Amino acid sequence: MIIENQENKNKIINLDTLLEILGNPTRRIILAKLAKVPHGASELARSLGISRQAVHSQLKILSDNGIIENIDPKPRGGKYRIMSNLSLRIDLTPDYYNIEYDVATIDENSEILQLKDIGYNVDYKKIKSPNNKLRFLGEKIKEIEQNIIELEEERSGLLQNKECLIVELKNLIGQQYEDQLRKGRSNSSKLERKEIFYTLFYNPIKYFKRINIDSLLDDMFFSGMDLISRDQHRVSVRHLLRDLSNLMDFLKEDEDNWFFDI
């Protein structure tokens, strides 16, 4: 994950760090509060019933990782708000594993969306009563939430369809290619070959045009390796891709660029 910051160079947050940040219940409560109203450390300490020192420790972690910012720096702390749009989605089934996460920093000079940009300005201006304006805004938020629910239901159905295809893919591998996958290398290499193959098929949009080995390493082993271990795995993955290419005629190699010819 890369967070762009105007003052600092791009900062990378790996998945383990992100999950650790969000896995702490105190930090989750702080983020929930800052998403609604900017708070100072004293206000958060009072609300959470913990010491200011404990709050400052959590705020520092969130701030150092580019998730919150101090919008009113003062000698005694100022107020904090969420700086980034954070999105984390986990799909986990017996046959499919995927985590998508993204942080997009909002440029202070960028234009903020207004009602006219989302098509509500004309109707909203016709309303005179503040109470009716609140009712209008509430109704529109409710409509959007309902649309999100419907999209999630559709997404859930598509994920079930995808898992069905993956199960059939695994059955086919087991019936047609299992013996050939056992040949030659160690049992651990056989498992790695299958893991590579399934990783490619789990993310066909990402890998079918070109297989980036570094992206493949991240999806298989995450990004927390030291450089020596990563280089060793890179060499191993190249050999295993070549094994798979010899086994399946639609996996092609072109000058160390791998791709699915489908």
Fill in: Total residues in the range 40-75, condition in a loop (DSSP other than H, G, I, E, B), buried (at least 17 other Cβ atoms within 10 Å of the Cβ) and small (Gly, Ala, Ser)
1
Item to complete: Please list, ordered by first then second residue, the pairs with beta carbon atoms under 9 Å, 6 or more apart or interchain, first in the range 53-66 and without any contact (Cβ under 8 Å) to a residue 60 or more places away in the chain, second basic (Lys, Arg) and surrounded by fewer than 17 Cβ atoms within 10 Å (Cβ to Cβ).
Response: Asp64/Lys11
Worksheet, complete the sentence: Exception for Tyr80 within (1) buried (at least 17 other Cβ atoms within 10 Å of the Cβ); (2) under 30 Å from Phe197 (Cα atoms) falls at (2)
Fill in: First in the range 113-127 and closer than 10 Å to Lys140 by Cβ, second anywhere and in a helix (DSSP H, G or I) and polar (S, T, N, Q), Cβ under 8 Å, 6 or more apart
Leu115/Asn121
Worksheet item: Quick one: would you say Arg27 is in contact (Cβ under 8 Å) with a residue 12 or more places away in the chain, of a type in the set (Lys, Arg), part of a helix (DSSP H, G or I) and surrounded by 14 or more Cβ atoms within 10 Å (Cβ to Cβ)?
Response: yes
Worksheet entry | Neighbours by Cβ (under 7 Å, 6+ apart or cross-chain): first from the range 189-205, among the aliphatic types (A, V, I, L, M); second modelled with pLDDT of 80 or more | Ile196/Leu216; Ile196/Val237; Ile196/Leu240; Ile196/Leu241; Ile196/Leu244; Leu200/Tyr207; Leu200/Ile211
Worksheet item: Is the range 92-101 home to any residue that is more than 30 Å from Pro204 (Cα to Cα), surrounded by 10 or more Cβ atoms within 10 Å (Cβ to Cβ) and modelled with pLDDT of 75 or more?
Response: no
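The values are calculated or read from the model by the stated rules, or taken from the named source; none is laboratory data. Please read all numbers here as calculations on a predicted model, not as lab measurements. Note: ideal-geometry Cβ built from the backbone for every residue, glycine included; neighbour counts use all protein chains shown.
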